[in-house]
Amino acid sequence: MKPNIRVGYGYDVHQLAEGEEFWLGGILVPHTHGAVGHSDADVLIHVICDALLGAANMRDIGYHFADTDPKFKGIDSKILLTEVMNLIREAGYEVGNIDSTICLQRPKVNPHISEMKRVLAEVMEMEVEDVSIKATTTEKLGFVGKEEGVSANATVLIYRNA
Ligand SMILES: [Zn+2]
């Protein structure tokens, strides 16, 4: 018999541009630049959504919320995450834990991690201790290092509720 646990993985990138709001991990991070996208461009929430959908083999965030659909223009990604959690739970799954990494050169993410964890755990109706968020720079290498963009990765574990 197969175990009733499944893993999922998510990866996403957004461009950074001057004067944009910088939504990251469900909160507004003060910075000169912000992420660009059809939604609020919250890269951390997007990778968590993709990891959850991947774990349940339910395609990806772009499949469910098309970036050509005006309905999702500028949308708060927390709403997308809520909808993804509904899909996961309707399919009979519960989330065990989430581990994620934000890759960003500037500003420092670490001072904001506690608040991000609190906000995301609340949206997902999970315990804060089951939501891990880590941060790294890329040592000034590549598009993240040159502050042209932000990327993130997430892994999740889901399990059958029954
Ligand atoms: Zn995205």
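Every read-out reported here was derived from the displayed coordinates using simple, explicitly stated rules and does not represent laboratory data. No experiment lies behind these values; they were computed from the predicted model shown. Backbone-built Cβ (ideal geometry, glycine too); neighbour counts: all protein chains shown.
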How about segment 130-162: which GluC sites (Glu not before Pro) there are in a DSSP loop, with at most 12 other Cβ atoms within 10 Å of their Cβ? E139
Pairing the Cα long axis of helix 43-55 with the longest principal axis of the chain, what angle in degrees results, from 0 to 90 and rounded to the nearest 10? 20 degrees
Structure-based [θ]222 nm, the chain - -39500 (n - 2.57) summed over DSSP H runs of at least 4, per residue, nearest 500: -8500 deg cm²/dmol
Separation between the K140 and E90 pseudo-spin-labels, each 7 Å from Cα along Cα→Cβ, expressed in nm? 5.0 nm
Counting only other residues whose beta carbon sits under 15 Å from that of K146, what net charge do I get with K and R as +1, D and E as -1? -2
Roughly how many whole Å is it from the C-alpha centroid of segment 121-136 to that of segment 64-94? 18 Å
What percentage of all Cα-Cα pairs in segment 107-162 are separated by more than 17 Å? 52 percent
Determine by what factor the alpha-carbon radius of gyration of the chain differs from 2.2 N^0.38 Å, reporting the quotient. 1.01
Find out how many positive minus negative residues lie around I79, taking Lys and Arg as positive, Asp and Glu as negative, among other residues whose Cβ is under 11 Å from that of I79. -2
Excluding the sites themselves, what is the longest stretch of the chain that contains no trypsin sites (Lys or Arg not before Pro) in a DSSP loop with at most 16 other C-beta atoms within 10 Å? 1-58
